[in-house]
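This report concerns only the one structure given below.
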């Protein structure tokens, strides 16, 4: 299925690019923000969007302003939050009758949860994190999760057991403290990119199908 390109207006007179993928008879819509070192066209983002479409979930991928400009350094958090809100508003206009969820890959998911923690995202029923970046690689900690206590809607964490940016025991503790509004789905042997080594006996496609099935089942 081919995504439809569009332009999303962000406050301040700037705009970012978006990609809308709306399968027939969709039951829900998920906005997808990209990771810090990628953009909306990254192959991982494309694979997630196509997998969601095959499972009856529409998606709106979008760039942050720094990615739109071709810069590598992420924007300050308030600027990324503006893009998150603009994309969610656009998704609501594209699919006003669909249940709306928000999230993204790594940095994009964290920026989405930060925005929600500051002020509820319009009509969003839950957040979906594809590899939440709990801490920098080699520097375990939970400081990045502090804002999650202010998120009052359901959250789904889709995480690889070998993610260098989220030590599993630390993330399990974070999710447990969040209570019933948070759920953790762990993919064995997978890293931050949901890649698995050949010696594990698993394939990347199997991991992606596993996390997408979990995401769609949770949203529906």
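Coordinate-derived values only; no laboratory data. Small disclaimer: the values here were computed from a predicted structure and weren't measured. Because the Cβ atoms are built from the backbone with ideal geometry, glycine has one as well, and the counts that use them run over all protein chains shown.
For the reader, a short list of remarks on this structure follows.
- Put a dot 7 Å past the Cα of residue 15, heading toward its Cβ, do the same for residue 2, and the two dots end up 2.1 nm apart.
- Helix-only mean residue ellipticity at 222 nm for the chain, each DSSP H run of n ≥ 4 adding -39500 (n - 2.57), per residue, nearest 500: -10500 deg cm²/dmol
- Over the range 118-187, all Cα pairs binned in 10 Å intervals from 0 give whole-percent P(r) values of 20, 55, 22, 2, listed from short to long.
- Using a cutoff of 8 angstrom between alpha carbon atoms and counting only pairs six or more residues apart, the relative contact order for the range 4-219 works out to 16 percent.
- The three principal axes of the C-alpha atoms in the range 153-220 carry coordinate ranges of 36, 28, 14 Å, sorted with the longest axis first.
- The order of the peptides 7-16, 208-217 by mean Cβ neighbours within 10 Å, most packed first, is 208-217, 7-16.
- Largest-first principal axis extents of the Cα set of the chain (Å): 45, 35, 34
- Radius of gyration, Dmax [the range 1-91; alpha carbons; angstrom]: 12.7, 39
- Kirkwood analysis of the Cα pair distances in the range 29-69 returns a hydrodynamic radius of 10.4 Å.
- Rounded to the nearest whole angstrom, the semi-axes of the ellipsoid equivalent to the range 66-141, taken from the Cα gyration tensor as √(5λ), stand at 23, 16, 11, largest first.
- Judged by the mean number of other Cβ atoms found within 10 Å, the most tightly packed of the peptides 139-147, 42-50, 106-114 leads the ranking 106-114, 42-50, 139-147.
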